[in-house]
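Each remark here refers to the structure printed beneath this line.
Each value in this text was obtained by applying a stated rule to the coordinates, not by laboratory testing. Predicted model only: the values in this text are computed from it and were never measured. Counting neighbours? That spans all protein chains shown, and the Cβs are built from the backbone with ideal geometry, glycine included.
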Amino acid sequence: MLNITPARVGIATPESSCGSLSRRSFLGSTAAGLTASSLTPSLAFAAQELNILVWCDHADTKLLLPFEEKYGVKVNSKVYEGTGTALSILEQSAPGDWDVLVVDAPDVPQVASLGILEELSEDIAPWGDIFPRLADAPWTRIDGKVYAIPEKFGYYGFCYNKNVVDPADARRGDIAWNSKYKGRIGVYDYYFPVMQMVGLSIGKTPSEITYDDLGIIRERLLEMRPNVRTVGDIVSVQNALVTGSVDVIVGGAEFTVSNLIPTNPHLDWVIADSGGLIWNQGIGILADSSRKELAADFLRWILSPAGQGSLATSECFWAMPASRAASLSADQKAILRWDEQENFLASSHFSLLPEPDMDFEMLDIWTEFLQS
Amino acid sequence: MLAADDASSSRGGLLRNLPIARLALYPALAYSFLFFVVPFLVMFCVSFWQRTRGRMEATWVLDNYTRFFSRDYLVDALYNSAEVTVFTTIISVMIAYPLAYILAFRVPQKWQKLILLTTVLPFWTAYVVRSYSWLLVLADNGIINSALVRVGLVAEPLTLAYTRGATVLGFVHFFTMLLTLTIYSSLIQIPRNFKQAASDLGASPLQTFLHVTLPLSVPGVAVGAFLTFVITIGDYITPQILGGNSEVLIPQAIILQVQRSANFPMAAVMSLVLMVLVTCVYLLFNRHLKMDRL
């Protein structure tokens, strides 16, 4: 694991993007349907504007307004899902259109290798406040350089209806195969983490899963199918849980139900005692940005206690702030299971970084699972 | 009648021969060429490419086609799509035809527009919202199950949501409206004296319907049914929300390839297979697709 040395000042070496952009070229050639107007920020690029390409949790007024008021700037946000989509948008945009990028942290090495992200100064983040497990994650530093700061994280685990489900069953980690919940299981429709969770249930450490392990994971996944009532995106599985069509969501956790709990106190989430699968998002500055100082100020705001509190409790989805100094109320911390974080983080696992062929095979197996 | 047709035909001929009429065609042709023909050709080429090691390689191999047809669960997705679409189309026609018939021939003319407007009111809501609304109706503690359990007809909620039935129901709700419109517009064009003449010649109401009304309304049914088929077979939202991935349909399989692994070549193969199916159905319907009758 790489060490943290918080020392440097300002933005490090604002080199322009370079190197092989094969992935960008590929995406550019295949994203012909996207029009330029839908890809570029809607407002003019005035000096006092910041254009951010982010996940939906960064579009909250309560998160952006304090920054806009403090710096007298306008933040234009575009929400995307999936790193591939972000790369398509960047490819279709003019250099310098975008200043800040939020990205799935495990994708940071890949994105950084395309020359898209600016190398960041160490002092841009309050490393002392960031959970060490995140600060030391393999994608936080690439060859000793930081390209994206961990800003929010969570787990792939289980959400459940407390009125029906014994929390002990969820903590055992095999609830998806438990005959008590036949036909009462909903599954988050994202093959990548769910198949790793299936791997965890048979003792496979996610980061060590290989192509050869996919056979046994497939068998275990297909064994789950009879218990499964629905497989859907976040909104769909939330809906299924709230309307009583399922009692458990596999692959969900704090990001799935936390914002529902205040009005649906019978809902809860947990990870298996043997550990969950960690997800985390990072925030970085684009190498082509012409407003790097302002972008750096935005990163500092996001990583500040107030920014972290707002980001963690976004209207789009709640999740754990990367910083232990985040401003959260006692109720909010309880919903996020704040007091269990040290244990959760210690027992949980980082995601696998698959080869493309393995990724294709996993998607094939997932499609077979859906069709079975 | 013939003279009127000749005059109309002659006017149409004159209009077609005006240079400005021909010029007016070019924007539409250019639009179709740029946004249909060109993307189609690109998609066709991409279907032979390969997605490997994080990039696409412009190869000319049949691997993606082989892969598609050798995977039972992908071929099943095609069958599922066809079945769901056929069910939807048949049920929608069966519901929409009587509705359109009553509207055209039984409802006083002054009320027809108001009732037609009421019929298409659901069109005014967003498609996704409508699908989620159905979910609230069909869920285990939704309106139907709550009522059934409360009156004691069932002890446990019925499995209504996240089934193929739910998917078809969502589609039928939408397409019944569309079909009602196309069938109604076809029915009101049938001269009333045709039915009177049939009756005068001794035909019973059923014979009049079977030999006069139904044949003359076929174009409206065919256009509506074809539109229903095309839109249903390419729809992703309803099977996803109401079907809950209880089975995979082709559009869902395409989305999985694009969204999750950016495998555009495989998605292109599936899209082309879907297009071939739609083309076959078009050829089947072609004889009856008389758009000018609408």
Checklist line | Dipole in debye (nearest 20) - the protein assembly as shown, about Cα centre, beta carbon charges: Lys, Arg +1; Asp, Glu -1 | finding: 2660 debye
Margin query: Rounded to whole Å, give me the distance from the Cα center of segment A:108-178 to that of segment A:210-263.
Written below: 19 Å
Notebook entry, point to check: Rule-of-thumb check for segment B:174-269: C-alpha Rg over 2.2 N^0.38 Å?
Noted result: 1.69
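Among B:42, A:270, which comes first, second and so on when ranked by fewest other beta-carbon atoms within 10 Å?
Going from sparsest to densest Cβ surroundings: B:42, A:270.
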Check: What size of dipole, in debye to the nearest 20, comes out for segment A:219-312 about its Cα centre when the only charges are +1 on Lys and Arg C-beta atoms and -1 on Asp and Glu C-beta atoms?
Finding: 180 debye
Next item on the list: Please report the orientation-averaged projected area of segment A:37-177, defined via the convex hull of its C-alpha atoms, in nm².
Entry: 12.2 nm²
Notebook entry, point to check: Contour minus end-to-end for residue B:61 and residue B:25, with contour as 0.36 nm per residue of separation and end-to-end as the Cα-Cα distance?
Noted result: 9.1 nm
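When 1/r is averaged over all different Cα pairs and the result inverted, which Kirkwood radius in Å belongs to chain A?
This gives a value of 21.3 Å.
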Check: Lys/Arg Cβ at +1, Asp/Glu Cβ at -1, dipole of segment B:127-273 taken about the Cα centre: which of B:167, B:231, B:146 is farthest positive-ward?
Finding: B:231
Next item on the list: Residues in segment A:228-260, backbone N under 17 Å from the label point at residue B:146 (7 Å along the Cα-to-beta-carbon vector): list them, ranges by number please.
Entry: A:239-246
Item checked: Separation of alpha-carbon centers, segment B:89-136 and segment B:69-84, rounded to whole Å -> 31 Å
Notebook entry, point to check: All other residues with a Cβ under 10 Å from the Cβ of residue A:291 taken together, and with Lys, Arg as +1 and Asp, Glu as -1, what is their net charge?
Noted result: -3
Notebook entry, point to check: What is the calculated FRET efficiency for residue B:79 to residue B:207, with r their C-beta to C-beta distance and R₀ = 45 Å, to the nearest 0.05?
Noted result: 0.70
Next item on the list: May I have the pair-distance distribution P(r) for segment B:85-205, computed from all Cα-Cα distances with 10 Å bins from 0 and rounded to whole percent?
Entry: 12, 30, 28, 18, 9, 3
Margin query: What is the angle, in °, between the Cα long axis of helix A:83-92 and the longest principal axis of the Cα atoms in chain A? Nearest 10 is fine, range 0 to 90.
Written below: 30 degrees
Note to self: To test your reading of the geometry: what angle, between 0 and 90 degrees and rounded to tens, separates the Cα axis of helix A:214-224 from the longest principal axis of chain A?
What the structure shows: 60 degrees
Notebook entry, point to check: Once the Cα atoms of helix A:191-201 and of chain A are each reduced to a long axis, what angle between those two axes, in degrees from 0 to 90 to the nearest 10, is obtained?
Noted result: 50 degrees
Next item on the list: Beyond 32 Å between alpha-carbons counts as too far, so tell me which of A:78/A:182; A:70/A:162; A:74/A:152; A:182/A:204 fall in that bin.
Entry: A:78/A:182; A:70/A:162
Next item on the list: Could you point to the residue in B:50, A:344, A:140 farthest towards the positive end of the protein assembly as shown's charge dipole, with +1 and -1 charges on the Cβ of Lys/Arg and Asp/Glu respectively?
Entry: B:50
Next item on the list: Could you grab the Rg to Rh ratio for the protein assembly as shown? Cα atoms only, Kirkwood for Rh.
Entry: 1.03
Margin query: Can you give me the convex hull volume of the Cα atoms of segment B:72-293, divided per residue and expressed in Å³?
Written below: 167 Å³
Next item on the list: Of the DSSP beta bridges with both residues in the protein assembly as shown, give the percent that are antiparallel, rounding to the nearest 5.
Entry: 65 percent
Check: Taking only DSSP H segments of four or more residues, each worth -39500 (n - 2.57), what value at 222 nm results for chain A once the sum is divided by all its residues, to the nearest 500 deg cm²/dmol?
Finding: -10000 deg cm²/dmol
Check: What full-extension length gain, to one decimal in nm, is calculated for residue B:44 and residue B:156 as 0.36 nm per residue of separation minus the Cα-Cα distance?
Finding: 35.3 nm
Next item on the list: For n ≥ 4 DSSP H runs only, could you compute -39500 (n - 2.57) per run for chain B, divide by its residues and tell me the 222 nm figure to the nearest 500?
Entry: -21500 deg cm²/dmol
Next item on the list: Return the distance in nm (one decimal) between the two label points of a simple spin-label model at residue B:110 and residue A:331, each offset 7 Å from Cα along Cα→Cβ.
Entry: 5.8 nm
Notebook entry, point to check: When B:192, A:184 are ordered from fewest to most other Cβ atoms inside 10 Å of their Cβ, what list results?
Noted result: B:192, A:184
Next item on the list: Sort the following peptides by mean Cβ neighbour count (other Cβ atoms within 10 Å, averaged over residues), highest first: B:196-202, B:247-253, A:238-244.
Entry: B:247-253, A:238-244, B:196-202
Checklist line | Counting DSSP beta bridges with both ends in chain A, the antiparallel % (nearest 5) | finding: 65 percent
Checklist line | Leading residue at positive end of dipole, segment B:72-293 (Cβ point charges), from B:93, B:264, B:81 | finding: B:93
Checklist line | Ranked list, fewest to most other Cβ atoms within 10 Å of each Cβ, for A:133, B:51 | finding: A:133, B:51
Next item on the list: Note down the nm distance, to one decimal, between modelled labels 7 Å out along Cα→Cβ at residue B:276 and at residue B:70.
Entry: 1.7 nm
Item checked: Point-charge dipole on Cβ atoms (K/R +1, D/E -1) for segment B:72-293, about Cα centre, debye to 20 -> 880 debye
